[in-house]
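What follows is a set of notes on a single structure, which appears directly below.
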Amino acid sequence: MPLSFMPDAASDTLTITLPDGSTRTYSVGVTGREIAESIGAGLARAALAITVNGTVQDLERPITESAEIAILTWDDDEGKETFWHSSAHLMAEALQALYPDVQFTIGPPIERGFYYDVDLGDGTLSADDLEAVESKMKELAKRDVSYERREVSKDEALAYYKDQGNPYKLELIEDLDDGEITFYEQGQFTDLCRGPHIPSTGRIKYPKLLSVAGAYWRGDESNPQLTRIYGISFPKKKMLDAFLEQRRLAKERDHRKLGKELNLFTFNADVVGPGLPMWLPKGATLRETLADLLKDEQLKRGYEPVVSPHIGRLALYRTSGHYPYYKDSQFPPMHFGGEGDEEDGYLLKPMNCPHHVMMYKHDMHSYRDLPVRFAEFGTVYRNEQSGELGGLTRVRGFTQDDAHIFCTPEQVKAEFKDVIDLTLKVLGALDFTEFTAQISLRDPQNTDKYVGDDALWTQAEQAIREAAEEMNLDTVEKTGEAAFYGPKLDFMVEDALGREWQLGTIQVDYNLPERFDLTYVDAEDERQRPVMIHRAPFGSLERFIGVLIEHCGGNFPSWLAPVQAMVIPVGADFNAYAEDVATQLRDADLRVKVDASDDTVGYKIREAETQKIPYMLVVGGREEEAGTVAVRAHGDGQQEVISVDAFIEKMQAEREAAWS
């Protein structure tokens, strides 16, 4: 909602505009708590914080001018963030009581919960110690003391942390300006913090500490390693119970666990390196099946396949902007004797787009040639911090289903809509039916993070809004989430456990064509600048497959499963017929294996069930005589006897139904 300020009725009053557009008059200095109380007792009990002209602040802070406000509760994202930030401070106070020599660094809220990075000196803290910290948190919360905000001078803040002997807070304070520094206090704990916080510790009734990890100070491996403690908290027990049940289910479906059980992929951090997955035959089959389906669909839509190298000159990424903007997450440049000075090295490819730009630039283009659509499953590399790696969802080498469309400004909307259609087709085929289409915009208050002309940004943002509206997408807008070179449409997908993941993405880019001086010749024989659309329905194959494994619990749809059917002969006498059935299925492009072991039929079926193979085809004398198979679906004890041809038709129909 745009800001709108109403003139004060008198010098000692102000006008408050509520989210529904209604207004109320209060005395200057009124607090969020007082406003909540004037609206209703229920809201006052639920209130956690307040937004004043879009800024979240404590309920007890005085409001000194007319403003638009919203009272925040647990139902608001900002309300949860404030609750979890306050819980991090409560955990810090508990740690201070149990570990007197602890030094605190930062303790922010995160998407689900909070963490605090601490230096325990010579002390240690493991997962076994979390219960004691959690118990201390509950004890401290029961005092129901207020979170008190106090403005301090820079000298006062420096003096306080010098006395504490805390080098981390001193480093943070050095980056702050006098007049913008605040402390928050609750009970016996004081912390350097901007806030905001909930009214008091008594609201935090059900904290749960989850895990302990290592983290380098400010993410730099040359800095001291800290102890990071993750936690979450809730105002009601039923919320905690629901979270713990979801966490239990997530543990069962963890893609790292299932990936090992199903023999899909492996890691070897010591020899190969952390964050570098190796795809085993079943996993490679899964991966290639997904890629081949998308490649087929892309060919139907006019995409042309290209292949780019895994490295490129540093100058390429300087021109694109990737090197300065992604420098901290890239592997160091490689330098070779006799090939230029220190500034003229090579980079492991962090993005495919600069290479596709140079491919476009290889030829002259007329407006009749456009749109040009280059597609590549290109592997890229990011030097993620080791403490932030996580199975397939956060890796150092990953393959993007990347494509870049070069088109005229008049073609942008139609091309963008076609990519939306393609992305919806991909998500639908894999049963990702619950999602939010997020229009990610730049932060107008922090334009240093972005490149390009303001007018081009405005034009690109509007093009995305119009395309999404014409495709009947319900959208939300998020400021500050754009790529450095342009706004984007992100598909925030909810999995079977209710967790949200950012998967497909589409981006409009007016800036890289400018930076690389891309052109086409229009109908008037004049050179014009094309627009570039970046798109990746999967995002990265690694992350997408990791999410997919957990979404379906490893029970892949029949058209995608690495092994679609296991042929099970009831005895050695029928091994030859089992192999004949398998040959017929393979000739129909189905992925099938034969279990010709000496184990019992029951054992073979249990093994196939454990491997989550969609279909078991049991064959014996009657099946051999009739040319049939006894079909048993995964998780279903019933069998249906049908011809081999009928089974082939069944599998083809399941694939077509998913991908139509």
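What the table below lists for this structure:
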quantity	calculated
Full-stretch length increase - Glu466, Lys361 - with 0.36 nm per residue and alpha-carbon distance subtracted	34.9 nm
FRET efficiency, Asp525 to Arg112 (Cβ-Cβ, R0 45 Å, nearest 0.05)	0.20
Residue-averaged [θ]222 nm for the chain, counting only DSSP H segments that reach four residues, each worth -39500 (n - 2.57)	-10500 deg cm²/dmol
Residue-level accessible surface for Lys478, protein heavy atoms, 1.4 Å, Å²	90 Å²
Amide H contacts of Leu473 (H built 1.01 Å from N, under 5 Å, at least 5 apart or other chain)	none
Segment 547-660 shape via C-alpha gyration tensor axes, a/c threshold 1.5	oblate
By average C-beta atoms within 10 angstrom, highest first, the peptides 208-220, 415-427, 632-644	415-427, 208-220, 632-644
Degrees separating the helix 454-470 axis from the principal Cα axis of the chain, which is the longest one	60 degrees
Solvent-accessible heavy-atom area per residue, rounded to whole Å², over the chain at 1.4 Å	47 Å²
Förster radius 41 Å - calculated FRET efficiency between Leu43 and Gln459 (Cβ-Cβ, nearest 0.05)	0.45
Proximal lysines to Lys327, defined as alpha-carbon separation beneath 18 angstrom and excluding residues fewer than eight positions away on the same chain	Lys349, Lys449
Cα gyration tensor shape for segment 114-195, rounded if a/c is under 1.5, else prolate or oblate	oblate
Estimated inter-spin distance, Gln652 and Arg248, nm [label 7 Å along Cα→Cβ]	4.6 nm
Size of charge dipole - segment 15-82 - debye, nearest 20, with Cβ of Lys, Arg +1 and Asp, Glu -1, no other charges	220 debye
Crossing angle, helix 281-300 versus the chain [Cα axis fit, 0-90 degrees, rounded to tens]	90 degrees
Of the GluC sites (Glu not before Pro) in segment 513-584, those whose Cβ has at most 13 other Cβ within 10 Å and which sit in DSSP loop	Glu524, Glu526
Rounded tilt (10° steps) of 154-164 against the dominant C-alpha axis of the chain	70 degrees
Part-to-part distance (alpha-carbon centres) for segment 215-235 and segment 95-112, which is given in Å	9 Å
Separation of alpha-carbon centers, segment 462-487 and segment 524-589, rounded to whole Å	31 Å
FRET efficiency for Lys142 and Ala633, using Cβ-Cβ distance with R0 set to 56 Å, rounded to 0.05	0.55
Built amide H within the under 5 Å cut-off of Ile110, gap 5+	Tyr115
Loop sites in segment 255-364: GluC sites (Glu not before Pro), DSSP, at most 13 other Cβ within 10 Å	Glu339, Glu342, Glu343
nm² value of the averaged projected area, convex hull over the Cα atoms of the chain	37.8 nm²
Shape of segment 204-298, Cα gyration tensor, a/c cut at 1.5	oblate
Rough spin-label spacing in nm, given labels placed 7 Å along Cα→Cβ, for Asp76 and Arg622	6.7 nm
DSSP-defined antiparallel bridges as percent of all bridges, segment 492-645, nearest 5	70 percent
Local electrostatic count, Lys612, Cβ distance below 14 Å [Lys/Arg +1, Asp/Glu -1]	+2
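The values are calculated or read from the model by the stated rules, or taken from the named source; none is laboratory data. No experiment lies behind these values; they were computed from the predicted model shown. As a convention, Cβ positions derive from the backbone with ideal geometry for all residues, glycine included, and neighbour counts pool all protein chains shown. Heavy atoms of the whole protein, side chains included, go into the accessibility calculation; ligands, DNA and RNA do not. Shrake-Rupley method; radii C 1.70, N 1.55, O 1.52, S 1.80 Å.
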